[in-house]
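Trainee: Structure in structure tokens, see below.
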Amino acid sequence: MAAQLKEGDAVQVVDREATPADEKNSTFFNHFRSLTGTLEKVYPDKRATVVVDIDSLPEDIRDRHQELTRAAKQKWLDGLSNEARTRLSAEEQKFQMRYTIMVSLNDLVRQGSAPARKAPAKAAKEAGAPAKAEERRVLSQKDLDDAEEEFLRSRQQK
């Protein structure tokens, strides 16, 4: 199936255990399991980069990524003069760091065709604990961009 994948495809990383060979090649780690994203580039050596959907990251990694994004954005804004900051258009104010991984093409399938592992929230719910993650709706990139833009506008007004 990996040979049929092309740049721009929605993909999912397979759910399997990392092996010593994976560690040596640095192309698969257990925290990559079942991540979804967009195939960005395919290399001749059968490796590929995937821009990961932030919502598919485990909660702790997603929170850390968002924290780093906020810090980098603030550092960037602090480096601008007040005049330059006020002249930024809404589009220029957007700042989103991508989470990109490199994996073997053999570890990718077209999104939706791989059996996904149970999310920690779903496993907790089955064990009797409430699951906040399941109550969330999945947002598109446009929804996220719009929410970020609205947040930035509200910050400017303060």
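Each reported figure results from applying straightforward, stated rules to the coordinates on display, with no laboratory input. Predicted, not measured: the structure shown is a model, and the values here were computed from it. Virtual Cβ from ideal backbone geometry, glycine too; neighbours counted across all protein chains shown.
Trainee: Let me spell out the model: positive unit charges on the Cβ of Lys and Arg, negative unit charges on the Cβ of Asp and Glu, origin at the Cα centre of the stretch 2-117. What dipole size does that give, in debye rounded to 20?
Mentor: Computed about the Cα centre, the dipole is about 180 debye.
Trainee: Quote to one decimal, in nm, the extra length available between Arg87 and Glu67 on full extension: 0.36 nm per residue of separation minus the C-alpha distance between them.
Mentor: Working it through step by step, the gained length comes to 4.6 nm.
Trainee: Given the pairs Lys6/Lys41; Lys75/Lys142; Lys41/Lys75; Lys41/Lys73, which are separated by over 18 angstrom at their Cα positions?
Mentor: Lys75/Lys142; Lys41/Lys75; Lys41/Lys73
Trainee: Roughly speaking, what is the stretch gain from Leu80 to Glu59, that is 0.36 nm per residue apart minus the C-alpha to C-alpha distance, in nm to one decimal?
Mentor: Length gained, Leu80 through Glu59: 4.4 nm.
Trainee: How many percent of all Cα-Cα pairs in the stretch 2-117 sit more than 26 Å apart?
Mentor: Distances greater than 26 Å cover 32 percent of the Cα pairs.
Trainee: Which far-off residues, 5 or more places away or on another chain, put their amide H under 5 Å from the one on Glu40, with H placed in the peptide plane?
Mentor: Gly8, Thr49, Val50, Val51
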